[in-house]
Amino acid sequence: MKAIQISSGIYSIHADIDDKNALFEGFWPLPYGVTLNSYIVQGEKTCLIDLFKEWSDSLAQYEEQLISIGVKLEDIDCVVLNHLEPDHTDYLRELRRRNPKVQIISTEKGVAMLQKFFGISENLRSVKTGDTLDLGGRTLTFYETPNVHWPETMMTFDNESEILFSCDGFGSYGSLGEKVFDDEFSAEEHLKFEKECLRYYSNIVASFSPFVKKAVEKLADLKIKVVAPSHGIIWRSEPKKVIERYLRYAGYNTPGSGQDQGSSLEKEICIVWSSMYGYTKKGLDAVIEGIKEIGVPFSIHQLPQTNFSFVLADALKSAGLVIAMPTYEYKMFPPMAHFIDLCGRKHITGKKVLRIGSWGWVGGAKKEYETSTAALNWEQGAQIEWQGIPSEETLKILKEQGKDLALKIKNS
């Protein structure tokens, strides 16, 4: 594998992680893999932007690409660390061992984390927004973008090529192979990557959506020709497309006010359901009949059969939610309780919601559900519960509730 040239003196160094058992952040599945992107920027000095974690032969992939452009780790003059999460920094101590003179550049908070994470305290430089690095014939400018998605995060802009090295910002799941640029992928491939981009955002970035908006505002005056993230596609043909995509995603859980309230959400319904013996599912089928009559699009996910990573992506973008679950030992069905907890952690807010479910010897899910969702700013519709098999009258009510929710979404 060879390093891929983005512009004169600038190269992409990336490793594809295609291990189907791998979990991003130790939690999120990677059925389509993920890339770890670093970048070489060469003036009179050589700069490496972001590092990598030794993960599924990533070191061998990186070293092979560096050799292809005649760069050795020992030759690198400085390393810019936009973000200190270990998937971008884990190799740092080995790099410092092989190249003791290398200067490490990060934000003030990043430098403090370097000392705590890696015990490195020498040859460090902290930077803030507007600070520059002269590489000789090429100048990098730094922009602090805190909480996209850790507090120390920044982005780096090459003034000559107008490339933005955005780290986790504007990134995506999905491995790239030999193609890395947006104009090299087919429309069908882009659809897959867009789904993986939304899933990545909902899993990794969604909690920090207000900071995504602030970061985009801070970068607004830059003429950006290329967006080069640390995960996923490098956008050289339509860089604005991925920036606008992230703004849309950020709008899903940071809606405006007045007439714009919730306007960025998609007019869709995300159905999340669990059923122990089929009785809750029977009631859900009636709700779905009602939704179909109105013609509002919907996605459907069964828990725990579907991984939460995929459920969060649809829940984040959809204006409506249907939560269908039985009572389990006086409380919510455990997989659904975990999903509700994740909605809180990822700020899945501002939804119109219908909650239904059956119970056996006693109810109780309703009380825990109301407590768990109190801070989510959900517009709670009816909560329909029943004991055992739903009666014909209950099924009629459930169908009407499905229609009612769908009409609210359609007319929102």
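Taking the centroid of alpha carbons for each part, the range 182-227 and the range 123-142 are 25 Å apart. Karplus-based coupling profile of the range 128-142, in residue order and whole Hz: 10, 4, x, 5, 10, 10, 8, 9, x, x, 7, 10, 9, 10, 9, with θ = phi - 60° in 6.51 cos²θ - 1.76 cosθ + 1.60 and x standing for Gly or Pro. One decimal place: the segment Ser7-Ile389 gains 131.0 nm when fully extended, by the rule 0.36 nm per residue minus the C-alpha distance.
How much length, in nm to one decimal, is gained on full extension between Asp134 and Ala382, taken as 0.36 nm per residue of separation minus their Cα-Cα distance?
83.1 nm
Output the pairs from Lys292/Lys352; Lys195/Lys225; Lys292/Lys399 with a Cα-Cα distance over 20 Å in this structure; if there are none, say none. Flagged as over cut-off: Lys195/Lys225. Projection of the Cα convex hull of the range 321-412, averaged over all directions and equal to a quarter of that hull's surface, yields 5.8 nm².
Across the options Phe117, Tyr328, Ile163, the greatest Cα extent toward the positive end of the charge dipole of the chain (unit charges at beta carbon of Lys, Arg, Asp, Glu) belongs to Tyr328. The orientation-averaged projected area of the convex hull spanned by the Cα atoms of the range 132-283 comes to 13.0 nm². Each label was represented as a point 7 Å from its Cα along the Cα-to-Cβ direction; for Phe117 and Lys20 these points are 3.2 nm apart. So if R0 is 51 Å, what FRET efficiency would Ser412 and Glu108 give, r being the distance between their Cβ atoms, rounded to the nearest 0.05? According to the calculation, E is roughly 0.70. Take the Cα coordinates of the range 366-406, assign each an equal point scatterer, and use the Debye formula without solvent to give log10 I(q)/I(0) at q = 0.19, 0.25 Å⁻¹. Log10 of I(q)/I(0), two decimals: -0.70, -0.93. Taken along the Cα-to-beta-carbon direction at a fixed 7 Å, the label points for Asp285 and Ala187 span 3.8 nm. Amide H contacts for Leu135 (H built 1.01 Å from N in the peptide plane; partners 5 or more residues away or on another chain; cut-off under 5 Å): Leu140. Within the accessible area of the range 1-110, the carbon and sulfur atoms contribute 47%, probe 1.4 Å, all protein chains present. Build a GNM of the chain with springs between Cα atoms under 10 Å apart, and of Gly169, Gly402, Gly364 the one that fluctuates most is Gly364. Looking at the range 278-339, which chymotrypsin sites (Phe, Trp or Tyr not before Pro) are in a loop (DSSP not H, G, I, E or B) and have at most 15 other Cβ atoms within 10 Å? Sites meeting the loop and neighbour criteria: Tyr330. Both radii are taken from the alpha-carbon atoms of the range 150-239; with Rh as the Kirkwood radius, Rg/Rh is 0.96. Simple point charges give the picture: +1 on the Cβ of Lys and Arg, -1 on the Cβ of Asp and Glu, and for the chain a dipole about the Cα centre of about 980 debye. The trypsin sites (Lys or Arg not before Pro) found in the range 7-108 that occupy coil by DSSP, while having at most 14 further C-beta atoms within 10 Å, are Lys20, Lys72, Lys101.
When the alpha carbon gyration tensor of the range 98-137 is reduced to an equivalent ellipsoid, its three semi-axes come out at 19, 15, 5 angstrom, largest first. Built from the Cα atoms of the range 26-162, the convex hull projects on average onto 8.8 nm², one quarter of its surface area. Taken over the range 277-316, the alpha-carbon convex hull comes to 67 cubic angstrom per residue. Here Met276 and Tyr32 are evaluated by their C-beta separation; at R0 = 30 Å the FRET efficiency comes out at 0.40. Distance from the C-alpha centroid of the range 31-48 to that of the range 313-361: 40 Å, rounded to the whole angstrom. Other residues with beta-carbon under 9 Å from the beta-carbon of Gln380 carry, at +1 per Lys or Arg and -1 per Asp or Glu, a net charge of 0. By how many degrees, between 0 and 90 and to the nearest 10, does the Cα long axis of helix 334-345 differ from the longest principal axis of the chain? For helix 334-345, the angle is close to 50 degrees. If both residues of a DSSP beta bridge must be in the range 49-143, then about 25% of such bridges are antiparallel. Evaluated on the range 1-91, the Kirkwood hydrodynamic radius is 13.6 Å, with distances taken between all distinct Cα atoms.
Between 0 and 90 degrees, the angle of helix 392-410 with respect to the longest Cα principal axis of the chain falls at about 40 degrees.
In units of the compact-protein estimate 2.2 N^0.38 Å, the chain shows a Cα radius of gyration of 1.11.
Under 12 Å from a label point set 7 Å out along the Cα-to-Cβ vector of Glu178, the amide N atoms of the range 1-45 belong to 1-2.
Relative to the current alpha-carbon distance between Leu124 and Lys223, full extension at 0.36 nm per residue lengthens the span by 32.7 nm.
The values are calculated or read from the model by the stated rules, or taken from the named source; none is laboratory data. As the structure is a computational prediction, the values presented were derived from the model and not from experiment. Because the Cβ atoms are built from the backbone with ideal geometry, glycine has one as well, and the counts that use them run over all protein chains shown. Remember, those area values only see protein heavy atoms, side chains included, never the ligands or the DNA or RNA. Shrake-Rupley method; radii C 1.70, N 1.55, O 1.52, S 1.80 Å.
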